[in-house]
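The block underneath contains the structure these notes are about, expressed in structure tokens.
The values are calculated or read from the model by the stated rules, or taken from the named source; none is laboratory data. Only a predicted model underlies this, so the values are computations on that prediction, with no experimental measurement involved. Quick reminder, even Gly has a Cβ in these numbers, built from the backbone with ideal geometry, and neighbours come from all protein chains shown. These area figures cover heavy atoms from the full protein model, side chains too; ligands, DNA and RNA do not enter into them. Shrake-Rupley method; radii C 1.70, N 1.55, O 1.52, S 1.80 Å.
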Amino acid sequence: QVRLIESGGGLVQAGGSLSLSCAASGRRFSGKTMAWFRQTPGNDRTFVAAHTWDDNLFYDDRVKGRFTISRDYAKNAVILRMNDLKPEDTAVYYCAATDQTSRFTRVTTAYDYWGRGTQVTVSS
């Protein structure tokens with residue numbers, strides 16, 4: 001059974017930093033795209049950042065320059081380093097992975113595997 005398990009969420013003051021980690025089990029995702037999405041109550045899940053199968057990095061404009069996505073292939077994991085956090089970054093953050101390697105996509109339906117999410121709360 002494939003599982004993605006997020007960790008590292010929590011409460012932080014505006015301007016602070018957090019690192020989220022997503023560990024995969026059941027299969028390896030080397031050569032596949034892994035990404036982070038986030039969701040607030042009543043809203044759709046939206047793209048945050050991705051590390052693609054061919055080692056390209058993509059970010060939503062709202063986090064560009066503040067968030068950094070990276071892979072730990074030894075641990076079969078993807079990490080999201082979040083700096084200069086803002087109250088509007090408050091959300092449940094989800095890790096995702098896709099077997100698609102033909103092109104990069106930010107669309108949630110293209111992702112085959114999802115974690116259960118971790119809450120990030122940024123206080124003002």
key: Near pairs, Cβ below 6 angstrom, 6+ apart or cross-chain, from the range 81-109 (free of Cβ contacts under 8 Å to residues at least 12 places away in the same chain and open to solvent by 70 Å² or more (accessible area, probe 1.4 Å)) to any residue that is of a type in the set (Asp, Glu) and part of a loop (DSSP other than H, G, I, E, B)   = none
query = Out of (1) at pLDDT below 95; (2) closer than 24 Å to Ser123 by Cα; (3) among the hydrophobic types (A, V, I, L, M, F, W, C), the odd one out for Val48 is which?
reply = (1)
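Scan the range 60-96 for residues that are small (Gly, Ala, Ser) and under 30 Å from Gly26 (Cβ atoms) and jot them down. Talk me through it step by step, then tell me what you get.
Taking the range 60-96 as the starting set, the residues that turn out to be small (Gly, Ala, Ser) are 65, 70, 74, 77, 91, 96.
If the condition is that a residue be small (Gly, Ala, Ser) and under 30 Å from Gly26 (Cβ atoms), then Ser70, Ala74, Ala77, Ala91, Ala96 are the ones that fit.
Among the listed residues Asp61, Asp89, Asp84, identify the single one that is under 14 Å from the mean Cα position of the chain (by Cα), at pLDDT 95 or above and acidic (Asp, Glu).
Details: Asp61 fails: under 14 Å from the mean Cα position of the chain (by Cα); Asp84 fails: under 14 Å from the mean Cα position of the chain (by Cα).
Checking each option against the conditions leaves just Asp89.
Does Thr118 count as farther than 17 Å from Leu20 by Cα and of a type in the set (S, T, N, Q)?
No; evaluated as a whole, the condition is false for this residue.
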inquiry  = Filter the range 109-124 down to the residues that are touching a Phe, Trp or Tyr at 6+ places or on another chain (Cβ under 7 Å) and part of a strand (DSSP E or B) and list them by number.
reply    = Trp114, Thr118, Val120
ask   = Going by the conditions given, is Lys75 basic (Lys, Arg) and under 23 Å from Ala14 (Cα atoms)?
value = no
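Could you say whether any residue in the range 96-116 is farther than 17 Å from Val2 by Cα, aromatic (Phe, Trp, Tyr) and at pLDDT 95 or above?
Restricting attention to the range 96-116, the residues satisfying the condition of being farther than 17 Å from Val2 by Cα are 101-109.
Of the ones still in play, those that are also aromatic (Phe, Trp, Tyr) are 104.
Now restrict to residues that are at pLDDT 95 or above: none.
Looking through the range 96-116, none of the residues is farther than 17 Å from Val2 by Cα, aromatic (Phe, Trp, Tyr) and at pLDDT 95 or above.
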